[in-house]
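Chemist: Structure incoming, see below.
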Amino acid sequence: MKLPSPGRYVFGSFILLLTAGICAGVVSITGRQDIISAALLVSAVILFLTAILLLVFHRPDSLDQRFVSLLQVQGTINTCTVAADLGLSGLSCFLPQSRSESQGVMHLIPVSRYSGEPVAGSVFVSGEGFSGLLLPPVCTPLLNELKKTNQLTIPETQEELSTLLHEVAVDVLEVTSEIQISWSDTSVHIHMEGYRLCEGCLFVTRESPACCTLSPCVICSLFATCIAHGLDRPVQVDRCVPVKKGDSVEMIFTLFP
């Protein structure tokens, strides 16, 4: 597990300076002029110089999270615009391999409503009383990289999926400081605090609140894809809402039988 990046070098420098001060203080208080005092004094100097070097060469995050959060915004809005022009207005669903002819989880944007039946075709698909647009999830490159570099494997139980989503979001991607996941038989509720990409969510929501359920972002898509794959159940994005005056996001997914 990685330590949070912001402030870790500053904190370490403070500890070194404090230790150097204690060593120098001991030498000053005791007033002894022996080899032990000399060793403490040399140690204090070394600790002090190391702390200064850490502070001098410390660099903040190389990428500004405000800019990073906006990288996918226009692509999301464009997809929603095209889908709306095609008459697609249903809530996005993520279908496991068993419900489509594809080799993995797919993102379905239905015309109106999807009820869980298998779909046939590619891109433009149809089923019993419904039709829609079938696309690879936008998280596919990220998920493949996580599988390759972090040996990510998707579990098949709700408890293990909660652990996986926490480790990916908090420890690996570091996009949020805290994530809470609650399950029921037919839904899952995810709440993220300290979400670092919230600025992009707010931008998309200002354009249209429907964008987040019609064309979810990479993180929302990643969560839904993992759940659909692990439980082998279609997952519908019912709600994905950023808090306007904060940095938290709430997601609600429906789990089809």
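Chemist: With axes computed from alpha carbons, what is the tilt in degrees of helix 140-149 against the longest principal axis of the chain, rounded to the nearest 10 within 0 to 90?
Modeler: 40 degrees
Chemist: Ordering M251, M106 from largest to smallest accessible area (1.4 angstrom probe), what's the sequence?
Modeler: Numbers: M251 5, M106 30 Å².
Reading off the accessible areas and sorting them downward yields M106, M251.
Chemist: Now a separate question. How much accessible area per residue does the chain have, in Å², with a 1.4 Å probe? Write down the numbers at each step before the final one.
Modeler: Values: 14230 Å² over 257 residues.
Per-residue value: 55 Å².
Chemist: Another question about this same structure. Note down the accessible area of L54, probe 1.4 Å, to the nearest 10 Å².
Modeler: About 60 Å², ignoring ligands and nucleic acids.
Chemist: By how many nm would the segment from V243 to S184 lengthen if fully extended, with 0.36 nm per residue of separation less the alpha-carbon distance?
Modeler: On the way: separation 59, 0.36 × 59 = 21.24 nm, distance 2.35 nm.
Between V243 and S184, full extension yields 18.9 nm more.
Chemist: Let me ask you something else. Could you tell me the accessible area of R32 in Å² (1.4 Å probe, neighbours in place), rounded to the nearest ten?
Modeler: Counting only protein heavy atoms, the figure is 130 Å².
Chemist: Please give me the summed charge of the neighbours of E193: other residues whose Cβ is under 9 Å from its Cβ, Lys and Arg +1, Asp and Glu -1.
Modeler: Details: positive: none; negative: E178, D247.
Net local charge, E193 excluded: -2.
Chemist: Further, regarding this structure: Given only helices, namely DSSP H runs of n ≥ 4 each adding -39500 (n - 2.57), what is the per-residue ellipticity at 222 nm of the chain, to the nearest 500 deg cm²/dmol? Write down the numbers at each step before the final one.
Modeler: Numbers: 9 runs with 110 residues, N = 257.
So the helix-based figure for the chain works out to -13500 deg cm²/dmol.
Chemist: Specify the angular offset, from 0 to 90 degrees and rounded to the nearest 10, of the alpha carbon long axis of helix 198-207 from the longest principal axis of the alpha carbons in the chain.
Modeler: Here the helix axis deviates by roughly 30 degrees.
Chemist: Oh, and also: Output ³J(HN,Hα) for segment 79-89: one whole-Hz value per residue in order, computed from phi by the Karplus curve 6.51 cos²θ - 1.76 cosθ + 1.60 with θ = phi - 60°, and x for Gly and Pro.
Modeler: Karplus-based 3J(HN,Hα) across segment 79-89 equals 4, 5, 5, 4, 4, 5, 5, 7, x, 8, 9 Hz.
Chemist: Rounded if a/c is under 1.5, else prolate if a/b is larger than b/c, else oblate: which is segment 150-257, with a ≥ b ≥ c the root eigenvalues of its Cα gyration tensor?
Modeler: On the way: a/c = 1.90, a/b = 1.31, b/c = 1.45.
Verdict is oblate for segment 150-257.
Chemist: How would you rank 80-93, 175-188, highest first, on the average number of other Cβ atoms within 10 Å across their residues? Write out the running numbers ahead of the final one.
Modeler: Details: 80-93: 17.4, 175-188: 15.4.
Going by the mean number of other Cβ atoms within 10 Å, highest first, we get 80-93, 175-188.
Chemist: Quick one: Cα convex hull volume of segment 102-211, Å³ per residue?
Modeler: Details: hull volume 15.8 nm³, N = 110.
In segment 102-211, the Cα hull volume divided by residue count equals 144 Å³.
Chemist: Give me the log10 of I(q) over I(0) for the chain at q = 0.09, 0.15 Å⁻¹, as the Debye formula computes it from C-alpha points; what are the numbers?
Modeler: These q points yield log10 I(q)/I(0) values of -0.51, -1.03.
The values are calculated or read from the model by the stated rules, or taken from the named source; none is laboratory data. All values reported here derive from a predicted model rather than from experimental measurement. No Cβ is skipped: glycine too gets one built from the backbone with ideal geometry, and neighbour counts run over all protein chains shown. Just so you know, the surface numbers come from the protein's heavy atoms only, side chains and all, with ligands and any DNA or RNA stripped out. Shrake-Rupley method; radii C 1.70, N 1.55, O 1.52, S 1.80 Å.
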